[in-house]
Structures are given as C-alpha cells and as structure tokens.
1. Give the residues of segment 297-320 that are in a helix (DSSP H, G or I) and either closer than 21 Å to N282 by Cβ or among the acidic types (D, E) (or both), sorted by residue number.
2. Within segment 124-142, can one find any residue that is under 18 Å from P60 (Cα atoms) and part of a helix (DSSP H, G or I)?
3. Considering segment 127-166 alone, what residues qualify as being closer than 23 Å to L368 by Cα, crowded, with 21+ Cβ neighbours inside 10 Å, among the β-branched types (V, I, T) and within 20 Å of the chain's Cα centre (by Cα)?
4. From the list L52, L86, L28, pick out the single residue that is under 24 Å from C326 (Cβ atoms), modelled with pLDDT under 95 and among the aliphatic types (A, V, I, L, M).
5. Being under 21 Å from G308 (Cα atoms), over 18 Å from the mean Cα position of the chain (by Cα) and surrounded by 14 or more Cβ atoms within 10 Å (Cβ to Cβ) is the requirement here; does G74 meet it?
6. Name the residues in segment 181-213 that are among the basic types (K, R) and at pLDDT 95 or above, would you?
7. Among the candidates R118, R58, R17, R69, single out the residue that is in contact (Cβ under 8 Å) with a residue 60 or more places away in the chain, basic (K, R) and surrounded by 21 or more Cβ atoms within 10 Å (Cβ to Cβ).
8. I need a count of the residues in segment 261-286 that are free of Cβ contacts under 8 Å to residues at least 12 places away in the same chain, among the aliphatic types (A, V, I, L, M) and assigned to a helix (DSSP H, G or I).
Amino acid sequence: MEFSLSDEQRMMVDSARRLVERHIQPILDAHDKDSALPKSAILSVMEKAADLGLTSARIPVEGGGAGLRMLDYGLIGEQMPASAALILQPHEATTARVYFGCNAEQKERYLADLMSGRRIACTASTEPDVGSDPRGVKTTATEEGEFLVLNGRKQWISNATVCDLMNVTCRKLNADATSSLGRVLVERAQSPFQAREVQMHGLRQAPLGEVLFDACRVPKRNLCPETGDTARLLTLTWLANRPLVGLLAVGLGQKALDAARAYAGVRKQFGRYIGGFQLIQNDLAEIETAVVASRLLCYNALAALDRGERANGLSAMAKRYAVDACERAIALAMRIHGAMGLSRELGLERMARDVRTLTIPDGTPGILTLIQGRELTGIDPFRA
C-alpha cells in the first residue's frame, strides 16, 4: 500500500496546476462569476483541458483517447476549478458513453471532435420526476419513417444550453406497444430542441439547463445499439464520477484551509496572532482532517476501480463523505475569518455555495447512503 505519488504522478499534478494558473483560471476570471460561461469560453477551456486528457480520460489510447487510470484522472481533476470541472466531467463521461456504447459509424462521426474538445457533449438522463432511477424515464422515441420522434422533458442537465451533442436516455416505443430503455444521440444542429438555463445556488459558471423535446426529429441512425445495458452503462460511468465529484469538494476544501491558515498567521486580536489561540488551532486541525480524509477516501475508490474491483459502496461513500466533510471545513474556515469570511470579496462564501451544490450531481447523499447500505447488507433498498 503506497500513499505517496510517483514521480510521474507528481509531474501530472504540477502540469495540471500550471495549466490552470496560466490558461483556465484567467478564462474564468474574465467572465462574471455569477453567470454561465459563454460557449466560446467553454470551448477555450476544453481545448486546454484536452491537452491533459480531460476530454477523453476513459477512452483507451488505441481508441484515440488519453487512457488514464482513474486515480490519475482524479489527481489531475482535483487541480481543476470546480466550475470548469463540472463542465468537463459531464462532457468526458458522455464521450466515454459514446465510445463504449455506440456503433462504429456513430463513433466515427462524433468521437474525434468530442475528444479534441472542438464540440461539447452532455448526457440527458434526469427528468422532472426521474432522478436516481434511470429506468423510470418517460421521454419517448417513436419511429416515423427514417426518423425517431422524441417527446419529453429533461432537467438538471449539465451543458444543456451549450452542447452540440446530447446523449439522451429515453423509452423507445415499439410497434407491438412494448417499450425498451435506450439512448439516442441528438445533434443540436441537425435536430433542434429547446433548452433553458437554470440559475443555481453555486457553481454558476457551469451551464445547467432544462430541455424540452417537442416532436424533435432525429435520424434513426442516431439510435445507439440496443444491448439492454443502457442503465448499466450509466452506472459504470457514475462509479468513477462520484469520487471525481468528491475531489472537486476536496479542491475547494484545500483552498479554504490554505486561506484560513494564512489568515491565522496575520490577524491579531488581544495583541496576539489568532493562530496562537487553541480554539483556532482546533478549527484548523478539523479542517485539515476533513480535507485529508476526504482526499484519501476518493483516491481509494478510484484506485479500486483501477484494480477492477466492485467499488459501488466505496464510490458512494467517497463522494458522500467528501462533500459533507469539505462543506463543514469551508464553514469553519469562514468562521476563522470572522466577518471577512462572509464577504463576497474574499470568496469563501462562494466556495460554500459551490461545495453545497456538489451534494446533488451523480447521486444525492440519501441515495449514496442506500447504495453503501446495499453493499454492506446484500439487501436491495430500492426494489423488492
């Protein structure tokens, strides 16, 4: 069991940190932090992130991708600003779903542009009353000549308002009145649909939207192969997504720790630096413990996936714990800063909003708790 990074991993982390400082953070800083980035800025971020493999992380080298191990993906992703990562990760996960779940012709049409970051992708699974259970989707696809006609509504879809390609989970209606769960690739330029931006509590630079398919006509060649594995394919990508989201919380928690430690060394009260007070030291110790424990849990889950282990429980535990622990860590950092911690100028209040927003993507705390409980007991809490 080795806890230190290899030389290669340290180089990857350093390269990611430098790229963020020189290229990605300046793009974010040049735009309103309370509004979704325009598509031009997102494409610039994706172009830079592609150099690190963040647009094709799970696609093997022989398929033209970065072929990253999941732990290495996490190490690089941890360096990303959370709002940028919440754009990149849904794109990369969708690209992986295209690679592993589409036919050769579909991959030939879309993968090169998606892996290079020239086009933006997203997955539309969630609906107004369908969240953690993809089998419950109500959006339908009906055959009509050489087209599929999509009808339905999708909600809470990352990149919905800026995407070029949407991987839509739907229920395909058959001629015999039966239906089956499937996926359809919807190309915006070819099959226009309505998308409306949804304003969020945090991570406001990452576009999130609601989608309406109203008799949206999609060429039948965009129907993904019917393997019966639609729900399983979504789940397999979620297994890595969860600790990856956890590491976004870790990145925010680390920034809060750095800020609180620095402030404790310069702020004076009663003629002393506040870092000398025992209660401040206690809060700093609690923040550091939360960040380090969260980081190790997420690394452990990703390393288990690299070993080919069943990591359903580990993945759920890592994301749930990391987001909750780092949310408390940021709250403590705000408390150490006193009134300054509540100011918009400092940025800690934005971190608090951002980390709270991470509680929902890729599994709510309640669902993740039940997944972990299922792994512990062997009893399914969702279905009899």
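The values are calculated or read from the model by the stated rules, or taken from the named source; none is laboratory data. For clarity, every value in this text was computed on a predicted model and none was experimentally measured. No Cβ is skipped: glycine too gets one built from the backbone with ideal geometry, and neighbour counts run over all protein chains shown.
1. Within segment 297-320, just D306 meets the criteria.
2. No, the conditions are met nowhere in segment 124-142.
3. I157
4. L52
5. no
6. Across segment 181-213, the qualifying residues are R188, R196, R204.
7. On inspection, the qualifying residue turns out to be R58.
8. Number satisfying all stated conditions: 3.
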